[in-house]
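Peer 1: Quick one: this structure, given as C-alpha cells, is what I'll be asking you about.
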Amino acid sequence: MARLPLPLPAMLPLLLLAVLSVTAAAASSRPHPLDPLTLAEITAVRAAVLASPLVPARPLTFHYVGLDEPDKPDVLAYAYGGGTPGRRARRQPLQRRALVIARAGGQSHELRVDVAQNGSAADAATVLSHAIHRGAGFPTLTLEEQFAAVALPPAYPPFVESVRRRGVDMADVLCAVFPVGWFGDAGAPRRVAKMLCFVAGATANFYARPIEGVAMVVDLDRMAIVGYRDRVAYPVPKAEGTDYRAGKAGPPLAGPQPAPGLVVQPEGRGFHIDGNIVRWANWEFHVGFDMRAGTVISLASVHDADAGTRRRVLYRGFVSEVFVPYMDPVEEWYYRTFLDTGEYGLGLWAFPLQPGADCPANTAYFDGSYAGQDGKPVGGENRICVFERYAGDVAWRHTEAGFPDRLITEVRPDVTLVVRMVVSPGNNDYILDWEFKTSGSIKFVVSLTGLLEVKGTPYTHADEITADAHGTLVSENTLAIYHDHYVTYHLDLDVDGTNNSFVKNVITTKRNTGDPATGGADTPRRSYWTVRREVAQTEADGEVDVDAGPADLLFVNPGKKTRLGNEIGYRLITSGATAASVLADDDFPQRRASYTKKQVRVTPYSKSEKWAAGLYADQSTGDDGLAAWSGRNRGIMDKDIVPWYTLGLHHIPYQEDFPVMPTLSGGFELRPSNFFERNPILGARPPASTHGHSANRVMPGDVFAGKTQVI
Ligand SMILES: [Cu+2]
C-alpha cells in the first residue's frame, strides 16, 4: 500500500547518495553465487544494456535490476559439493548473471546480462538474451517516476482550482501514486496510475488529511496528467491530534513507565558474518537483498551435533508478494488493492534501520543496493539487521517435584537470532523478521505498524453513520477503511535433501468401538482422536485452508528416516494471522491474487516461479502467478517442492490504531519434526545463574558451548 508522498526536493539526498555510492563501490574478487549484485556489477549491467543494439529506443528506464541466480544444482554443488553439506565444496566461482526489466519505446523489455567475474569493467558485461513482454501487466514502478508524477498536480490548473475551492494552501499539499489495478478491461492498457492528494500543513501525518473526492490519472510513460475528477468535497480532517513525532504528539506520558534497558553481551556477539554468510550457534545461512523481495535467505542449514553433520533445511526463502485490498467500492477507493512487492518493491521501500530502536545495540547491519531508474547503483545503508535476541524466554525446562526429598529444576534460556527488515511503502510499516532458534525452528513474524489509510467524511460521531461506512470513525471527519494484509512467502524447503513430500497428518475423531481389532478398547471411554496420514500427490492436494480442520502440515524427506524409522521432516505451525481472502472469486482484485483463498500451496520447484501475483504485477490480470502455475496440477510427491505460505490479517481499524498504530504481529514457524533423533538442545548448558553466581547474566558462550562448532 504505497504511495509517494515526498515532494521533489526530498529526492535530492537519494540522488546524491547514488552519486557517492558509485565511487565507494568495491567489487569482491570472488562473490558467493547468491550474493546480490554489487554496485560495480550494477554499473556494468547498466552499461551493457545501454550499449546493446537490442533495445535502441530511448528513453530507457530501469525498473528492476537483480541477480539472476545460477541454476540450483550448480549452487548446491558450490555450497555443499554436490548436495551433501559437510562434504568439501567445489569452489569454482559460478557465472554471475543479472535480470533487467526495462521500459523503452512503450514496451517492457526483459534482458539477461552476463556480468564479468570481477564486475568492474563495464565492457566486460554483455547482454545474453532479450525479450519483449507481450502479456498483461507492467513492471514495478520506479521511485523516480513516482516523484516526477507527484510534482505534476500543483501546476495542473483544474487541481489548483479544486485546492483553492477547499481553502487549502497548495504549499501544504502532497500527492501520492496509487496503482490502478485491473478491472476486466480487455483493451491494450496504458501504463497509468491514480494520484490522490493530502494536506500536510502542521502535521507529518498527511495521510490522515486526504483531499477526499479528487482523483487524477497520470500516464507514467508520457509523464502527464490524463484524467481528472473532482467528484465530491468533504471536510479535510484537522491536523490536531494526527502527528506522531516526539514533541508534536502532545506531552509525554505521565505516570509510571517501563525502566530503560540495554542488552549487553560481555563476550561480544555470538554470530559471525563472512561476506553474506551468517554463522550462529547451529545455523548457517546466506543473507541477500533484492529490490523487489527485500531480504532473501538462502542455503539455511543446521548443524546436527548428535550426527556430527550439517543438514539442509531451506534453499531459498523470501516474501513473494504483499496483497492489501481495501473494502470501499467508491470511485476514489475501489482500485486500492495493492500488490506491494510487485507494484512498489519491498527492497525499494526499505529504509535505513534505526540503531538502538529498530534493532538493539548488539546488531550487525547489511546494506541493500539497488538500481535507480537510470540504472545507476544506489547503495542503501542498513537495510537488514541481524542480532541475538534475549527475550527472557525459556528454551526448555522441567521442575520435578515427585521426589520426596528434593526438587529438581532444569531451565535453559532461549536465545534466538533475528534477521530483520522494515518496509514502509507509504502509510504502512511492515517489520519482517526471520528468527532462527537453536531448536532448529525458524519463526517468521510480520509486525504491522505505521499509519492508517483514511477517508475524509462529514461524520464526527459514530451515531451519525446509518449506512455501511466501510470503516471505523477513528477521529472527527476521519474513517479508517477496512482492509486486508496478505503476506505470501516463497519457501523452497530442502529438508535434509532436495526431494521432499508434503504430508498432512489429519486429526480424526474416532468412536471407541470397544473392539481391539478396530483400535478400540473395552473401557468406558467413548471417543479419542488419531492421525490419518495423507501424502499430497499433486498441487491440488497441496492447497490447504489451515482453518478447515486440525492437521499437522509436514514437509518430509521420503528418502530419509530417523534411526527409529520415522520420516525426517519439518512442519508448518501457524500462530494467528491465518485470514484468507473472503472477496468474491470473480472480483477483479481477487482474480489478480486468487492464491489468497488458501494459506498453503505447494508447487514443484521452477526457477521462474517466484512472484505469487506474477512478474508484471502492475495491472496484472491473474494469468501469471501462483494460482495459474499450480492450476496445472503437477506432481509434488518426492520432488523438489516449494511451499508457499500466505499470512493473512483482516484489519478492522480501531481508535487505538490512530494516529499511529501500535505494532500488531502475526507469524508462523517451521519446526523440525522427526528431523533430529532427540531434542537437539538437550545438551545446552544451564545459565551461570542457576549455579548460584552472576544471577543477572546469561552467558551465550555457556548456553551454546558444544553447539557452536563450525564445519
Ligand atoms: Cu492494516
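Every number here is computed from the coordinates shown, using simple stated rules; none is lab data. This structure is a prediction, so every number in the text was calculated from the model and none was measured. Note: ideal-geometry Cβ built from the backbone for every residue, glycine included; neighbour counts use all protein chains shown.
Peer 1: Provide the per-residue ³J(HN,Hα) series for region 141-146, in order, calculated from phi with Karplus coefficients 6.51, -1.76, 1.60 and θ = phi - 60°, each as a whole number of Hz, with x at glycine and proline positions.
Peer 2: For region 141-146, the Karplus curve yields 5, 7, 5, 5, 6, 6 Hz.
Peer 1: Describe numerically, in nm with one decimal, the distance between label points set 7 Å from Cα along Cα→Cβ at Thr538 and at Gln95.
Peer 2: Roughly 3.6 nm, to one decimal.
Peer 1: Using the crude model of +1 on Lys and Arg Cβ and -1 on Asp and Glu Cβ, and no other charge, please compute the dipole size for region 201-247 relative to its Cα centre, in debye to 20. Each step should come with its number before you reach the end.
Peer 2: Details: 6 positive and 6 negative charges, 14 e Å.
So the dipole magnitude of region 201-247 works out to roughly 60 debye.
Peer 1: Starting with the fewest neighbours, write out Cys175, Cys385 ranked by other beta-carbon atoms found within 10 Å of each beta-carbon. Don't jump to the answer; show the numbers that get you there.
Peer 2: Numbers: Cys175 26, Cys385 21.
With the fewest neighbours first, Cys175, Cys385 line up as Cys385, Cys175.
Peer 1: Right, next: Tabulate in residue order the Karplus-calculated ³J(HN,Hα) for region 582-588, using 6.51 cos²θ - 1.76 cosθ + 1.60 with θ = phi - 60°, rounded to whole Hz; enter x for Gly and Pro.
Peer 2: Calculated HN-Hα couplings, in order: 10, 5, 5, 4, 8, 6, 5 Hz.
Peer 1: Among the listed pairs Lys443/Lys610; Lys238/Lys598; Lys561/Lys610, which are separated by more than 32 Å between their Cα atoms?
Peer 2: Values: Lys443/Lys610 21 Å; Lys238/Lys598 41 Å; Lys561/Lys610 30 Å.
Listed pairs above 32 Å: Lys238/Lys598.
Peer 1: Moving on. Quick one: if the Förster radius is 25 Å, what FRET efficiency do Glu464 and Glu161 give, using the C-beta to C-beta distance and rounding to 0.05? Don't skip to the answer; put the middle values down first.
Peer 2: Working: r = 30 Å, r/R0 = 1.19.
My answer for the efficiency is 0.25.
Peer 1: Using amide H atoms built in the peptide plane, which far-off residues or other-chain residues are under 5 Å from Ser665 H to H?
Peer 2: The list, which skips near neighbours in sequence, is Leu448.
Peer 1: Sorted by mean Cβ packing within 10 Å, highest first, what order do the peptides 355-364, 558-567 take? Could the numbers behind the result be given before it?
Peer 2: Numbers: 355-364: 14.8, 558-567: 13.0.
Per-residue Cβ counts within 10 Å, averaged per peptide and sorted highest first, yield 355-364, 558-567.
Peer 1: Pulled fully out, how much extra length does the chain show between Asp374 and Val582, if you take 0.36 nm times their separation in residues and subtract their Cα-Cα distance? Could the numbers behind the result be given before it?
Peer 2: Details: separation 208, 0.36 × 208 = 74.88 nm, distance 4.06 nm.
Length gained, Asp374 through Val582: 70.8 nm.
Peer 1: A further question follows. Once the Cβ-Cβ distance between Met170 and Glu144 is put in as r, and R0 is 22 Å, what FRET efficiency do you end up with, to the nearest 0.05? It would help to have the intermediate numbers written out before the result.
Peer 2: Details: r = 23 Å, r/R0 = 1.04.
For Met170 and Glu144, the calculated efficiency is 0.45.
Peer 1: Computed FRET efficiency, Cβ-Cβ of Ser424 and Ala364, R0 22 Å: what is it to the nearest 0.05? Spell out each step's value before the answer.
Peer 2: Working: r = 22 Å, r/R0 = 0.98.
Efficiency for this residue pair is about 0.55.
Peer 1: Another question, then. Taking the Cα centre of the chain as origin and charging only Cβ (+1 Lys, Arg; -1 Asp, Glu), how large is the dipole, in debye to the nearest 20? Please report the intermediate quantities before stating the final value.
Peer 2: Values: 71 positive and 79 negative charges, 347 e Å.
With only Lys, Arg, Asp and Glu charged at Cβ, the dipole is about 1660 debye.
Peer 1: For region 451-458, in order, what is each residue's ³J(HN,Hα) by Karplus, 6.51 cos²θ - 1.76 cosθ + 1.60 with θ = phi - 60°, in whole Hz (x at glycine and Pro)?
Peer 2: Using θ = phi - 60°, the values come out as 9, 7, 8, 10, 10, x, 8, x Hz.
Peer 1: May I ask you to order 392-399, 412-419, 270-277 by the average number of other C-beta atoms within 10 Å around their residues, highest value first?
Peer 2: Working: 392-399: 11.0, 412-419: 21.1, 270-277: 15.6.
Answer by packing, highest mean first, reads 412-419, 270-277, 392-399.
Peer 1: Compute the Kirkwood hydrodynamic radius of the chain, taking the inverse of the mean of 1/r over all pairs of distinct Cα atoms, and give it in Å to one decimal.
Peer 2: Details: mean 1/r = 0.0365 Å⁻¹.
Over the chain, the inverse of the mean reciprocal pair distance is 27.4 Å.
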